[in-house]
Amino acid sequence: MPGRLIVVSNRIPTEGASAGGLAVALHDSLRERGGIWIGAHPDDGPEEGLFEIGSEPYQRLAFRLSRAEYDSYYLGFSNSVLWPLCHRRSDLVQLRPDYAEGYVATNRRLAEMIATVAEPEDQIWVHDYHLLPLASDLRDLGLDNKIGLFLHIPFPALADLSILPDPPAFALWLASFDLLGLQTRADTARCLEMFRSDPRAEFFQDGSVKFGDRLVRVKSFPIGIAVDAFRSLAETSDSDPFGGERPQEYIIGVDRLDYTKGLPHRFRAFGEYLQRYAGTRRPCLVQVAPPSREVVEAYRQITEELEELSGRINGQHAELDWTPIRYIHRPIARNRLAGVYRGARACMVTSLADGMNLVAKEFVVAQDPDDPGVLILSRFAGAAEDMTDALLINPYDVGDIAQAIDRALNMPLHERRERHRACMAAVEATDVGTWTTQYLAALDACAGTLSVPTLLDRLQKRQDRSASAKDPEVSFISR
Ligand code: ADP
Ligand code: G6P
């Protein structure tokens, strides 16, 4: 009998939490295959062990983080070391021994809890940067299951990795997974570069890395959204999500309030657009930016900066019947959000670094194909790797963004339709259902733990087969 799927993430869907694309897709996979979702409960629960927070149609098991774990593992190493490091903001990295210790200890405690529920045939699918040591911890506890990681954020550059307290441990953590799933081909290249620089690693042409007695596969699986579900949400959404206060012409921005999203650059660019290009036109920038990780100093600073900037730009340009920037500092319901996307003439994604950016995909899917809005997309968002027909911008160049706003608002209908059609094809190709199926199939196909003699034996056989078929499927690459 095939094993269950065990999904592990720091965040777990809880009552009342909105079901994003990822939650919906994983929910469907879990329902079909049966299984368990394990994650940290944001509020409360017993201090020790896993506790059930829902069992229909699959099991949801939560654990509670102590105050010290929350500070060191979540706010500390995850969000004040790994997050800035992976998003090219090494200047914001806070290196503190207690952060690293808390991160390692929390992952170890979680591994011990997982070991109490995992059966030998179960597949374990770990999500994101909070849980990088988890496979290594589970291996130490004797688990030989197939364990995959999907990293939702950018893979760091080799030079940035050397900032970590123990860079060799980082490679060892990752090599303990069977499959490393990354967002883009560029992420895969950076991950392989890390292994290439490590004397413990050897390479195969199919992208597998032999590391000690383990074989790890590295591959990109660009994540998407639940296309059909989001499209019907947009089509059936409230035609007036602004409750009578709909701006005549608006550009939409939707982001967690995070310093990686390039929000100050976006506001400045909109100010420059108003100054240089708008003439008598009075478009509005509707920016929805709910607070995120507010106790971390860098997040506090960006909040203040944006309030100051929006106040200044509105002060310069507003009139009695027009507020240029509508800045909404809270989340909005998904069905309303879909309607807000649909009514927008353009969407601005100005990330300075971003794993994928699902907002870009949501905006495209929500459009009316006969009269679509234009996506202005940072070339540093993972989404730009495949959505090359968006208006790609350099988010560091405020003048470039201002010009793109002007171009988007004046773009002829035929060009809008063509660009939308091409972006839509890219979004459909990465539907989150396909993403889940492809990832799990790849994890299934992984070789798993191999003793070195067995591994070499298997590779020799594969090479012999390839040679006889005149198809060099796999071979050692000399270092
Ligand atoms: P990140 O994962 O860095 O937050 P993404 O763009 O990949 O960025 O995903 C953000 C998700 O959160 C999207 O599904 C988006 O719709 C949702 N979201 C972001 N801001 C809001 C908001 N203000 N209200 C509702 N949903 C939001
Ligand atoms: C990004 C990360 C996720 C994280 C989310 C919200 O999407 O990749 O792992 O859950 O941001 O951040 P939070 O810290 O609130 O969980």
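The values are calculated or read from the model by the stated rules, or taken from the named source; none is laboratory data. Because the structure is a prediction, the values reported are computed rather than measured. Every residue, glycine as well, gets a Cβ built from its backbone with ideal geometry; the counts of neighbours run over all protein chains shown. Surface accessibility is based on the protein's heavy atoms, side chains included, excluding ligands, DNA and RNA. Shrake-Rupley method; radii C 1.70, N 1.55, O 1.52, S 1.80 Å.
Descriptive notes on the structure:
- Taking a ≥ b ≥ c as the square roots of the Cα gyration tensor eigenvalues, the chain comes out prolate, since a/c reaches at least 1.5 and a/b is larger than b/c.
- Take every DSSP beta bridge whose two residues both sit in the range 319-436; close to 10 percent of them are antiparallel.
- Across the chain, Cα pairs under 8 Å and at least six residues apart give a relative contact order of 15 percent.
- For the chain, the carbon plus sulfur part of the accessible surface works out to 49%, probe radius 1.4 Å.
- Mean Cα-pair separation over length for the range 227-429, i.e. relative contact order, pairs under 8 Å, 6 or more apart, %: 26
- When only alpha carbons are used to place a centre, the range 219-261 and the range 280-336 end up 16 Å from one another.
- Distance histogram in 5 Å bins (all Cα pairs of the range 126-189, percent per bin): 4, 18, 27, 28, 16, 7, 2
- In terms of its C-alpha gyration tensor, the range 227-429 has a rounded overall shape, because the principal axis ratio a/c (a ≥ b ≥ c, square roots of the eigenvalues) stays below 1.5.
- Averaged over its residues, the chain has an accessible area of 43 Å² per residue, based on protein heavy atoms and a 1.4 Å probe.
- Net charge of Cβ neighbours under 14 Å - reference residue 155; Lys, Arg +1; Asp, Glu -1: -1
- Environment charge of residue 212, counting only residues whose C-beta is closer than 12 Å and scoring Lys/Arg +1, Asp/Glu -1: +1
- Helices in the chain, meaning DSSP H runs of at least 4 residues, each add -39500 (n - 2.57). Divided by all residues, the mean residue ellipticity at 222 nm is -12500 deg cm²/dmol.
- Centroid-to-centroid separation of the range 108-152 and the range 404-450 [C-alpha atoms, Å]: 29
- Cα-based Lys proximity count in the chain, under 25 Å, for pairs eight or more positions apart or on separate chains: 11
- Among 246-257, 160-171, 220-231, the peptide with the highest mean count of other Cβ atoms within 10 Å heads the list, and the full ranking is 220-231, 246-257, 160-171.
- The mean sequence separation of alpha-carbon pairs under 8 Å and at least six residues apart, normalised by the residue count of the range 318-418, gives a relative contact order of 25 percent.
- Database remark: amide H of residue 54 closer than 5 angstrom to the amide H of 60 (H placed geometrically; neighbours at sequence offset of 5 or more, or on other chains; Pro and chain starts carry no H).
- Global geometry of the range 66-189, whether rounded, prolate or oblate, following the gyration tensor of its Cα atoms and the 1.5 cut on a/c: oblate
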